[in-house]
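The values are calculated or read from the model by the stated rules, or taken from the named source; none is laboratory data. Worth saying up front: this structure is predicted, and the values here are computed from it rather than measured. Cβ placement follows ideal geometry from the backbone for every residue including glycine, while neighbour counts extend to all protein chains displayed.
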């Protein structure tokens, strides 16, 4: 593998001179790592679905912009009652689905009711649980009533899981998605590619591209070859960060590294002795050298975090000093907790390289203070079964990619089993608060509580490297939600 | 001949029945649940339960086994848990890549191995033989994915004659399809050709030392005539065995090559389905592969009987 890269590097230099393969200005081939299982974003957690359909094919009442702000989507405007319980959405006029049917209040009611129904299979059903009623006022006005105020409601409606779908096309949505977006679905050759094309009837700013093709390449070597051979014009979330300098040095390509909502943590089983002792968790926190992990496992990509919160968010508090790398302190804390000679535990590692590579480094860092972590590599399905559901683990590494998910620390039955009544009350209050300043204060308080309780080892915010050909512009650099939004993408003249 | 064929057929059916049992229950005991895989780590328990019942996973295991095997007899392989499309359709689409690829690779490897093996045998101990044997030694030792990466580097990244991977699809034309399969087929064929050439050579050499070959020469045939009329038929038996094994291997064992060239073949389908615990797809594809291996062996058995009349008589 290493030899290949060296050879490839040499060949790059030989190549760099004369390339100018003409490509159609309106076409784009974009590669992502994983193929979606199906194309219904409202009934699976797979980010690969959102990669293809979010904003391109499906739209919600609100939507995320690349900088993380939430702007009007299919809802042109809204009014919120003074008690924060009633949202009256005014829908855009003249919006049609790709099959020609009109998008109106009926579709909104159908989509929201479907997501919160008893037999709903929406992976983010929690986004909708505060809704108590959806009423149609007129074809372009919908009134949503909440059972309690929810400061995140408009934010929640921007998720891919909350897009507006039509009852007419719901039965075939998994293989033939019909949305309202700037692109419409053309074809899916399973295992190979998905084609989408410009929607000429689009209500908003029309797409700049005429055709776009998604390709699915998960093998890092194949990904490298596909970009080098210019089989693909753009690779969103390139799988091997070690290749990036090579692309940067190549005049054919641009490399952009953006931020994501993925807090990568060393999750600790808070109920499993000795981790039920806060001193032990504090020792773990001080045993970790974040920068060594970022450099060693991610080749420098990633921002250190000291709590479960995205550093690019305005409410972020930098608490990394709270758990600074200090092996001596870690050893002292272990001795205080009654483990002068350390102890043995398990470390379960799911497939992504941040976990597999990072895990080796963390195991070594823990060993340096006397904690012997036995590494077990697991597949995702197995991880979900034993770690997530069975809670049968000591330590594990995982990236939590959902936006604004600090609320998971208020779920005592969640896999890391952090049970703190004060924190749960804090989150309950946060959920009810709609005033932005009060929300910021509460969010900061929440970040500090979990950092001081050393609930998990907070490692780094996952970065998103994008490799694209020179001349391509308008794509998302940061990823406030998992998406490859092509609506503004085009080639420079 | 008929009795021989029937006997073989019976053993084929028995093997299939046993295989289906083993496959189903081995795969079902592996930890992991397709519904929780689909819904991820933010889903609520009742949502997972709702999806499980939607997928029919809340039914007892033996009942699902019976449904599955019963369905297969009528050509209905069930519906994929994650893709939600009929498994039979998925397999058919993937076979349109895997089967041509396997045949392409087999044709290439045979086309290389036969002349190389015959040449080496006829030049036994001479420089030509040593050169061929040396080359095949390398071919056997080097893994096919390494060939694959080298081919991509030279012909896709540098020379740009082929794309680095992917499959254009047969609907874009037979030639484009063959073109996308060329590099994968070569990388699969090279190690197979090396093995086959060695078998061909040693099998021929064994035959050349046989008494009946001397007799053939004694009755006045030239070396060449003796080889083609009497030697080849006998030397082909072990070669056929290897070709049969190789075909099964090529159909099932090209997972890594499909991964390197991101081809939408059967191997990659199995790989994806295992990681997403799409059990019904895994079970059906594995069953199909087992079936094809058993079928190929059956056909090879029949081919033996055609080449070697003694086998027919023995039953």
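So which residues in the range A:121-136 are within 27 Å of the chain's Cα centre (by Cα) and either away from every other protein chain (no Cβ under 14 Å) or not in a helix (DSSP H, G or I) (or both)? Explain how you work it out, then say what you get.
We begin by selecting, within the range A:121-136, every residue within 27 Å of the chain's Cα centre (by Cα); these are A:121-131.
Of everything in the range A:121-136, those that are within 27 Å of the chain's Cα centre (by Cα) and either away from every other protein chain (no Cβ under 14 Å) or not in a helix (DSSP H, G or I) (or both) turn out to be A:121, A:122, A:123, A:124, A:129, A:130, A:131.
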Looking only at residues in the range A:99-120 that are assigned to a loop (DSSP other than H, G, I, E, B) and within 14 Å of chain B (Cβ to nearest Cβ), which one is farthest from residue A:198 (Cα to Cα)?
A:118
Test of understanding: among A:213, A:237, A:260, which residue is within 21 Å of residue B:156 (Cβ to Cβ) and either within 13 Å of another protein chain (Cβ to nearest Cβ) or crowded, with 18+ Cβ neighbours inside 10 Å (or both)?
A:213
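Residues are listed down the side, and each one gets a yes or a no for (1) in the same structural domain as residue A:196 (by TED's automatic domain parsing); (2) assigned to a helix (DSSP H, G or I); (3) touching a helix residue (DSSP H, G or I) at 6+ places or on another chain (Cβ under 9 Å); (4) free of Cβ contacts under 8 Å to residues at least 40 places away in the same chain:
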residue	(1), (2), (3), (4)
A:44	no, no, yes, no
A:51	no, yes, no, no
A:71	no, no, no, yes
A:77	no, no, no, yes
A:87	no, no, yes, no
Hey, among the residues in the range B:270-281 that are farther than 17 Å from residue B:92 by Cβ and in contact (Cβ under 8 Å) with a residue 24 or more places away in the chain, which one's nearest to the other protein chains (Cβ to nearest Cβ)?
B:277
Out of the range A:321-341, which residues are touching a helix residue (DSSP H, G or I) at 6+ places or on another chain (Cβ under 6 Å) and part of a loop (DSSP other than H, G, I, E, B)?
A:326, A:337
Every listed condition ((1) at pLDDT below 95; (2) surrounded by 14 or more Cβ atoms within 10 Å (Cβ to Cβ); (3) within 30 Å of residue A:38 (Cα to Cα)) holds for residue A:80 save (3)
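Regarding residue B:37, is this residue surrounded by 16 or more Cβ atoms within 10 Å (Cβ to Cβ) and farther than 25 Å from residue B:292 by Cα?
Yes: the conditions hold for residue B:37.
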Against the conditions (1) in contact with a helix residue (DSSP H, G or I) (Cβ under 6 Å, 6 or more places away or on another chain); (2) more than 30 Å from residue B:28 (Cβ to Cβ), where does residue A:437 fall short? Just the number, please.
(1)
In the range B:254-265, is there at least one residue being buried (at least 19 other Cβ atoms within 10 Å of the Cβ), more than 14 Å from chain A (Cβ to nearest Cβ) and either more than 21 Å from the chain's Cα centre (by Cα) or touching a residue at least 40 places away in the same chain (Cβ under 8 Å) (or both)?
no
Matching residues in the range A:268-301 (on the phi < 0 side of the Ramachandran plot and touching a helix residue (DSSP H, G or I) at 6+ places or on another chain (Cβ under 8 Å)) number 21
If we ask which residues in the range A:139-179 are within 23 Å of residue A:99 (Cα to Cα) and either more than 23 Å from the chain's Cα centre (by Cα) or surrounded by fewer than 17 Cβ atoms within 10 Å (Cβ to Cβ) (or both), their number turns out to be 14
I'd like the full set of residues that are over 26 Å from residue A:45 (Cβ atoms) and touching a strand residue (DSSP E or B) at 6+ places or on another chain (Cβ under 9 Å), limited to the range A:439-466.
A:451, A:454
Scanning the range A:199-210 for residues that are more than 14 Å from residue A:180 (Cβ to Cβ) and either buried (at least 18 other Cβ atoms within 10 Å of the Cβ) or within 14 Å of chain B (Cβ to nearest Cβ) (or both) gives A:208, A:209
Would you say residue B:183 is in a helix (DSSP H, G or I), touching a residue at least 24 places away in the same chain (Cβ under 8 Å) and more than 23 Å from residue B:250 (Cα to Cα)?
no
If we scan the range A:298-307, do we find a residue that is in a helix (DSSP H, G or I), out of contact with any strand residue (DSSP E or B) (no Cβ under 9 Å at 6 or more places or on another chain) and outside the structural domain of residue A:482 (by TED's automatic domain parsing)?
no
Of all residues in the range B:19-55, how many are more than 7 Å from chain A (Cβ to nearest Cβ) and either over 34 Å from the mean Cα position of the chain (by Cα) or under 17 Å from residue A:381 (Cβ atoms) (or both)?
14
Of A:345, A:401, A:396, the only residue that is in the same structural domain as residue A:457 (by TED's automatic domain parsing), touching a strand residue (DSSP E or B) at 6+ places or on another chain (Cβ under 9 Å), crowded, with 18+ Cβ neighbours inside 10 Å and within 30 Å of residue A:150 (Cα to Cα) is A:401
Return yes or no: is residue A:359 surrounded by 15 or more Cβ atoms within 10 Å (Cβ to Cβ), under 28 Å from residue A:294 (Cβ atoms), touching a residue at least 60 places away in the same chain (Cβ under 8 Å) and touching a strand residue (DSSP E or B) at 6+ places or on another chain (Cβ under 8 Å)?
no
Counting only residues in the range A:365-390 that are facing chain B (nearest Cβ under 7 Å) and assigned to a helix (DSSP H, G or I), the one surrounded by the most Cβ atoms within 10 Å (Cβ to Cβ) is identified as A:384
Do any strands (runs of 3 or more DSSP E) entirely within the range A:137-230 hold 1 or more residues that are under 22 Å from residue A:47 (Cα atoms) and at pLDDT below 95, and if so, which?
A:183-189, A:193-198, A:211-216
Suppose we keep only residues that are within 11 Å of residue B:183 (Cβ to Cβ) and touching a helix residue (DSSP H, G or I) at 6+ places or on another chain (Cβ under 6 Å) within the range B:114-152. Which one would you say is farthest from the other protein chains (Cβ to nearest Cβ)?
B:147
Those helices (runs of 4 or more DSSP H) completely within the range B:223-311 that have 1 or more residues that are farther than 28 Å from residue B:77 by Cβ and at pLDDT 85 or above are B:232-252
Residue under evaluation residue B:93, criteria (1) within 11 Å of another protein chain (Cβ to nearest Cβ); (2) without any contact (Cβ under 8 Å) to a residue 60 or more places away in the chain; (3) surrounded by fewer than 21 Cβ atoms within 10 Å (Cβ to Cβ), criterion not met
(2)
